[in-house]
Amino acid sequence: MEGFGAKSVEELDVGDLESAGLEPSEALHFYQELQVALQRAGFGKLESIWRLVSQSLLTPRHPHALHQLMYYSIYKNWDELQCGPPPEIARSTSIGQLLEARGNELLGNKAHVDPIASFTNFYKFSVQHPEIFWSIAFEKLSLHFSVEPKQMVDSSDSSRPAGKWLPGAVLNVAHCCLLPKPSIGKTDDRIAIKWRDEGGDDLPPSTMKLWELRHHVSRVAFSLQAAGFQRGDRIAIDMPMHIHAVIIYLAIILAGCVVVSIADSFVSSEIAARLAISKAKGIFTQDVIVRGGKAIPLYSRVLGAKPPKAVVLPSDGKSVRVPIRNQDVSWEEFFANGNGTNRSGDEFPAVQLPVESWTNILFSSGTTAEPKAIPWNQTTPMRCAADSWAHFDLQAGDIYCWPTNLGWMVGPYIISACLLSGATMALYNGSPLGRSFGRFVQDARVTILGTVPSMVKTWKKVNCMDSLDWSSIRSFGTTGEASSIDDDLWLSARAWYKPILECCGGTELGSAFLHGSLLQPQAFAAFSTPSLTAAFVLLDDSGRPYPDDQPCSGEIALFPKLLGASYTLLNADHHKVYFEGMPVINGIQLRRHGDVFERIAGGFYKAKGRADDTMNLGGIKVSSVEIERVCNTAHSSVLETAAIAMPQGKGGGPDNLIVAAVLKGALPPGENHPEMLKRIFLKALHDNLNPLFKVHAVVLRPEFPRTASNKIMRRVLRAQMARSKL
C-alpha cells in the first residue's frame, strides 16, 4: 500500500503514530505498549507480533490509517499476512473436535498430530475417502430419510462423472430443514430466523422459532395444493430475500414442487427468459421493493415478462399497493383460497421424493447470451450445509447473516446451511450498503457475517459502520468477486480481527471448491485450502497440470466426483459445457469451471479472473455477450463493443467494467465521446439488463483483435488495457 510500509514496525516512532491519526498523548501510550508487545513477541517474529498488536493494541475505534500502519510495517517485506488460528479456537471447532476425538483412527498415528497440524492430512483423507467423510458430516446435519440410501455413492455409470450419490434414498430436504434434531442442538424452541425490515432500527429484531416456521411453511404448502399445483411443478420466486420469501421457498419444496429462482434486480426481458426456460407454472412476487423510503417497481417488471399466474405480496405487510391482473391473487387471497385444506395446527405431509428429484432451478451466465438453467437436486442442500459446517464451523447457536437474494446461489445456500445445521438465519429486508444493516448485525448478535467485496468497499468508503459493536462476530465470509487486501484489513478490524474466510464455487457445483478454514493460517484476499472432498489442478496454457506444490497461475480444472454438483442443464448440453475438450488425468476427465487462480507461497490461492468471457460485477456473474448485446444497440454510432472486466489495482478487489467500442464513423467534434457513451451504455444496461451494473470507462478502438475464426480476443484487449493502466 503506497504511503505505508516505508518503515518496519521496529523503526516506527511516536510521530508516525500521530500521523496515523492518534492524539499526542495517545500516540505516546500506544508507542510504549507497542514496544512491550515487540519484546514479548520477539523481534522479527512477524506472526507473533501481529497477533499481539491486533488482539491487544488495535481496536475498532482506532482510525483505519493506524491499522494500515501497523499491518504494512509489520509485514513490510512480506506479500501476505499469514496469521494462524489460536490452538484453543481451532480445537473448539467441529472439525477440531472431530480430529481430537478420532484423528488417530481416521488419519493414522503418524499423520495426526493436532487439529491445526493435521488439517491438510484431513483434507487429503476427505478426497481419498469421501464415503467416510460424508457419513461423518451427515451425522452433524438434520437429515431424515424415509428410505435410507443403499450406499454413499455409485461410481459405475460412466455417463455420470460426479457419481450417483445416495442411490435409493427417499426424503424431502425442506422437511429435514423444518424438523428438530436434538443431538445437534436443533430443537423446536430454538430460534430459526431473526429479521428486521428497513426503518426498524430502534426495534429489536423479530424472531421465529423452528416450530413456528414449520407452521407457516405448512400453511403456504396447503395453499399451493389448493391452488392446483402438483408434484414436479415449477414455481418462480422473484422478490427480496425476506422472511416470507424463505417460507415460500421451503413450502414449494415441501409440496414436492421445484423453485425457480429469479433475482429481484432483473428487468422484464431477463425475467421472461428465465420463466420460459424453466416452464414455470406460477410465480410469487411483490408489489414494490422499498429502499430508503422509495418504492421501486417489481410487480410491473414481472408483468412485463408476461408471467403465469402470480401471487403478489404487499411490501408493507398490509395490502398490495398496485392493481393486479384478474388471474393473479394477492397474498391474502392466496391463503383465503387455501383455508379449506388447512385446518389450524395441521402440518403439511411432506412429499417424499427420490434423492435426485429437483428442488431448485437457478441460472448462471455462460459465454452465450442465454443464461444456463441449472437444476439442484436434494443432495445439493446437503453440500451447502456440510461446507458451512466444515469451513465456517456453523452449528446450533450460531447466527448466520449473508445479504443476498434467492436469485443467486448464496440465497438457497444460506437457507440450507442454517436450517440443516440448527443455526439461526439472520435476514435484513433493506439495503445492506448503509448503517442500518450494520445496526441489524449488531442487534441480532450475528456470529458469522457473509459479504461481497463490493459491499465492503462501500462500507469502508463512507465509514458507515463506525462505532458499531460487532464483537459477537467470530468469522466473516466473502465470495462473488476478488477481494482487496486493504478492504479486508478494514473489515476484519471491525470485529477485533476475526478471520475472513474466502470461498469460491459455482451455481453448478452447489457450493465451493476453494475456501478458508478456521484451522489454518489465513491471508487477506486469499484462499487457504481446497474445500473438503473437492480436488482440482491448475492448468498451464497447453492444458497440462502444474505440480500440486508449485507456485503458478492457471485455469482451474476440477475432479468431478462431487456431491451436489450438476449433471444436467435445462437448455444446454451439460457434457459439452463442462467436460468436452478437458484433459484426462489417471483416466478421469476433468470438469471445466472457467476461473483462473494463482497459487502462491504457503499454499494460498488468489483469484485472477475468468478464463472464458464471463465476469463478476458486484458479485453477479454475467457474460460479456450479454453486456455487448445491450451496448451494441444503445446508440446509432456504435458498430460493435467488447466488454472487459479489469481488476482495480495491485491490492486486488472487485472488477471494473470497461466497454471498448468501435464506431461506424467519425462523431461530431466538441463532445467527450467516451463519457457520452459511458452515460448511454450505463442507462441501457440499467434499462435492459440489470440496474446494479456500473460502467467504469469507455475506450474507443479503431478495430478489435480477432482470432482466425473472427472471434474477438478479449484477453488481448484486457492486456492492452492493463498496459494503459485503465
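The values are calculated or read from the model by the stated rules, or taken from the named source; none is laboratory data. Keep in mind that this is a model prediction, so the values were computed, not measured. Note: ideal-geometry Cβ built from the backbone for every residue, glycine included; neighbour counts use all protein chains shown. These accessible areas exclude ligands, DNA and RNA; they are computed on the full protein's heavy atoms, side chains included. Shrake-Rupley method; radii C 1.70, N 1.55, O 1.52, S 1.80 Å.
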Fraction in percent of alpha-carbon pairs per bin - 5 Å, the range 495-613
2, 11, 21, 24, 20, 12, 6, 3, 1, 0
For MET713 and GLU333, what does the FRET efficiency come to when R0 = 51 Å and r is the distance between their Cβ atoms, rounded to the nearest 0.05?
0.40
Contact order normalised by length for the range 14-75, with contacts defined as Cα pairs under 8 Å and 6 or more residues apart; what percent is it?
36
For a quick check: with amide H placed at 1.01 Å from N, whose amide H comes under 5 Å from ARG160's, ignoring anything fewer than 5 positions away on the same chain?
none
Beyond a 21 Å Cα-Cα separation, which of these cross-linked pairs lie in this structure: LYS279/LYS372; LYS294/LYS457; LYS164/LYS606; LYS561/LYS606?
LYS294/LYS457; LYS164/LYS606; LYS561/LYS606
Quote to one decimal, in nm, the extra length available between GLN648 and GLU105 on full extension: 0.36 nm per residue of separation minus the C-alpha distance between them.
190.7 nm
Would you mind checking which residues have amide H under 5 Å from ASN656's amide H? H placed 1.01 Å from N; only 5 or more apart, or other chain.
MET646, GLN648
Excluding residues fewer than 8 positions from LYS140 in its own chain, the aspartates and glutamates with Cα under 18 Å of it are GLU100, GLU131, GLU148, ASP188, ASP387, ASP393, ASP398
Rounded to the nearest 20 Debye, what is the dipole magnitude of the chain about its Cα centre when Lys and Arg each give +1 and Asp and Glu each give -1 at the C-beta?
1440
Under the Karplus relation 6.51 cos²θ - 1.76 cosθ + 1.60, θ = phi - 60°, what is the ordered set of whole-Hz ³J(HN,Hα) values for the range 454-459, x standing for Gly and Pro?
4, 5, 4, 4, 5, 4
Please compute the length gained on full extension between GLN39 and SER146, using 0.36 nm multiplied by the number of residues separating them and subtracting their Cα-Cα distance.
32.4 nm
Under 5 Å between amide H atoms, partner at least 5 residues away or on a different chain: which partners does ASP197 have, H built in plane at 1.01 Å?
ASN429
Here the range 399-412 yields Karplus 3J(HN,Hα) values (6.51, -1.76, 1.60; θ = phi - 60°; whole Hz; Gly and Pro given as x) of 10, 10, 10, 9, x, 7, 8, 5, x, 10, 4, 5, x, x
May I ask you to give the percent of accessible area on the chain that is carbon plus sulfur, with a probe radius of 1.4 Å?
51
Which whole-number percentage describes the relative contact order of the range 536-689, with Cα contacts under 8 Å and a sequence gap of 6 or more?
15
Distance in nm between pseudo-label sites at LYS7 and SER319 (7 Å out along the Cβ direction from Cα):
6.8
Considering only protein heavy atoms, what per residue accessible area in square angstrom results for the range 14-75 with a 1.4 angstrom probe?
46
Length released on extending from ILE585 to THR187, taking residue separation times 0.36 nm less the Cα-Cα span
138.7 nm
What is the distance, in nm, between label points placed 7 Å from the Cα along the Cα-to-Cβ direction at VAL113 and at THR59?
3.7
Can you return the lysines within cross-link range of LYS45? Criterion is Cα-Cα under 19 Å, with same-chain partners fewer than 8 residues away left out.
LYS7, LYS76
Sites ALA722 and ASP346 - FRET efficiency at Förster radius 51 Å, r taken between beta-carbons, to 0.05
0.25
Projecting the Cα atoms of ALA719, ILE644, LEU692 onto the charge dipole of the range 613-724, where Lys and Arg contribute +1 and Asp and Glu -1 at Cβ, the residue farthest towards the positive end is ALA719
Would you check the range 613-724 for Lys pairs whose C-alpha atoms are within less than 18 Å, ignoring same-chain pairs closer than 8 in sequence, and give me the count?
4
Relative contact order of the chain, defined on C-alpha pairs under 8 angstrom at six or more residues apart (%):
12
How many nm separate the modelled label positions at ARG701 and GLU598, each set 7 Å beyond the Cα in the direction of the Cβ?
2.3
Rolling a 1.4 angstrom probe over the protein chains, ignoring ligands and nucleic acids, what is the accessible area of TRP490 in square angstrom, nearest 10?
10
Could you state the accessible area per residue of the range 463-611 in Å², with a 1.4 Å probe and every protein chain left in place?
32
Probe of 1.4 angstrom, ligands and nucleic acids ignored: what's the accessible area per residue over the range 116-239, in square angstrom?
44
